[in-house]
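Below you'll find the structure, written out as structure tokens, and then a few comments.
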Amino acid sequence: MNRATFFGRLGLITGIAFSSSTLLMATNTHRTKSNNLFFNKSSNAGFEPVIYKTPWGQKVIYDRYTFSDMKTGEWTEEGLEWAKIETLQKELNNKIDNNEIVFTKGPAKLVDGLWQLVLDGQQNSFLIETETGLILVDPGMESNTEKIVEQINYLGYKQSDVKHILLTHCHVDHAHSANYWQKLGAEIHIHQLGENPIRTGNEITAWYLIDGDEREFPKVEGEISVFHDGDKLNFGDLNISVCHTPGHTPDSCCFYFRKEDKNILIGGDTIFHNGKHGWMGHPYSDYEQYLKSLWKLKRFAVGGKVHNEKDRIMVRNPIAFDFLLPGHTAISMENVTRDIDKGIEIMSYTLQQRRKGIDYQWTEPYTFFAEREVANKPEIKIEYK
Ligand SMILES: [Zn+2]
């Protein structure tokens, strides 16, 4: 396991392995009178996100790990030795722990009625206000629940106002608390291929990656609302389109919806800022399928006909996503097309290495692209799927 694989595995799969350095620097909000009537809008807007710009000018909500990868990329391009970079990384971590570098505090308002809930480690959950109640996307481990409820209450809601749990896939770090929320009355929504894993708590949920008390998947016993590729899920005033994107897991999905004139993509563990990808160490992870899924996102359209680029037919009306809300790490606040393009580059490269018999599994994108800059940009042959 090289250093990137090691950190990637620790970070992505067990966000709980990192100590929390929650940022407590409240900015602009004051709690207003709580109003818990169900259909009422939240009584508190939430925190303004702390938005940074990437070295190429893309607006992004960094988390500490992606920020650290970004800085490592800069130091790599400056030609610093790895030992020096490690020292700088330690200094950076100290600054972050001392709140000298500030990241977004949750609940962070992304647009009206859509919030990022900030949890320990690298996990993200999202909360969406609809006429049919709150949708909570990927509530994660049960140990997150207190933090989630705190943030829901902060907005003037109760936990019982969560009427829907929308899961991007069955993995334990996304779906572990589904059972908890269902008992409170929320409806569970997952792709058809995720139903059996969350009902039986089988190995596909990857419970084996979690240490301690939560090393078991709490089975979901009641009704489960399953969806399929291309479905439109209706939540009153909000329609969510399902794009089935297998590769990381067989049931992985991304979701698309519009809110406040923004095209929003929920990426699960399929697409991350700057083209990072989900961990692929599971027996069922499939790199070829993964690349196909990234192409599917690039060509994703609702109501328009989308053709195959391999046959050199024009792609008509693919959606230009404005926000990328992934299951872990940083959130892109513009130009998600770039993230998807980078993902395709990284996955093409990964496949090519693996076909040569190299056990190449993991990429930290900022560092990866910086290393290629230093090596005079050897071209990556893009593979069409
Ligand atoms: Zn996963």
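Taking the conditions (1) under 24 Å from the mean Cα position of the chain (by Cα); (2) modelled with pLDDT under 95 in turn, GLU48 satisfies each one other than (2). Put simply, of TYR256, TYR284, TYR290 the only residue that is under 14 Å from GLY194 (Cβ atoms), out of contact with any Lys or Arg (no Cβ under 9 Å at 6 or more places or on another chain) and either in contact (Cβ under 8 Å) with a residue 40 or more places away in the chain or away from the ligand (no atom under 13 Å from the Cβ) (or both) is TYR284.
With respect to the conditions (1) of a type in the set (Gly, Ala, Ser); (2) free of Cβ contacts under 8 Å to residues at least 60 places away in the same chain; (3) within 30 Å of ASN263 (Cα to Cα), GLY236 falls short on a single one, namely (2). Can you tell me which residue in region 157-189 is nearest to ASP251 (Cα to Cα), limited to those that are of a type in the set (A, V, I, L, M) and within 13 Å of the ligand (Cβ to nearest atom)? Checking each candidate, the answer is LEU167. Looking across region 190-227, the residues that are within 16 Å of the ligand (Cβ to nearest atom) and in a helix (DSSP H, G or I) come down to LEU193, GLY194, PRO197, ILE198, GLU203, ILE204, THR205, TRP207, TYR208, LEU209, GLU214.
Selection within region 319-346: residues that are out of contact with any Lys or Arg (no Cβ under 9 Å at 6 or more places or on another chain) and in a helix (DSSP H, G or I). The member of this set that is nearest to VAL302 (Cα to Cα) is VAL336. Given the structure, is GLY275 crowded, with 20+ Cβ neighbours inside 10 Å, within 16 Å of the ligand (Cβ to nearest atom) and at positive phi? No. Evaluate the following for TRP75: is it part of a helix (DSSP H, G or I) and either within 22 Å of ASN376 (Cα to Cα) or touching a residue at least 24 places away in the same chain (Cβ under 8 Å) (or both)? So TRP75 passes the test.
What's the total number of residues in region 163-177 that are hydrophobic (A, V, I, L, M, F, W, C), touching a helix residue (DSSP H, G or I) at 6+ places or on another chain (Cβ under 9 Å) and farther than 14 Å from ASN202 by Cβ? Give the derivation first.
Step one: of region 163-177, the residues hydrophobic (A, V, I, L, M, F, W, C) are 165-167, 170, 172, 175.
After this cut, where a residue has to be touching a helix residue (DSSP H, G or I) at 6+ places or on another chain (Cβ under 9 Å) as well, the list is 165, 167, 170, 172, 175.
Cutting the leftovers down to farther than 14 Å from ASN202 by Cβ gives us 165, 167.
Qualifying residue count, region 163-177: 2.
The set of residues in region 124-173 being out of contact with any strand residue (DSSP E or B) (no Cβ under 8 Å at 6 or more places or on another chain), not in a loop (DSSP other than H, G, I, E, B) and not aromatic (Phe, Trp, Tyr) consists of GLU142, SER143, THR145, GLU146, VAL149, GLU150, ASN153, GLN159, SER160, VAL172. Within region 84-123, the set of residues being assigned to a loop (DSSP other than H, G, I, E, B) and without any contact (Cβ under 8 Å) to a residue 12 or more places away in the chain comprises ASN98, GLU100. Please find, within region 359-385, the residue that is modelled with the lowest pLDDT out of those that are surrounded by fewer than 13 Cβ atoms within 10 Å (Cβ to Cβ) and closer than 25 Å to PHE67 by Cβ. Only one residue tops the list, namely LYS377.
The values are calculated or read from the model by the stated rules, or taken from the named source; none is laboratory data. All of these numbers come straight from a predicted model, not from anything done at the bench. Please note: Cβ atoms are built from the backbone with ideal geometry, for glycine as well, and neighbour counts cover all protein chains shown.
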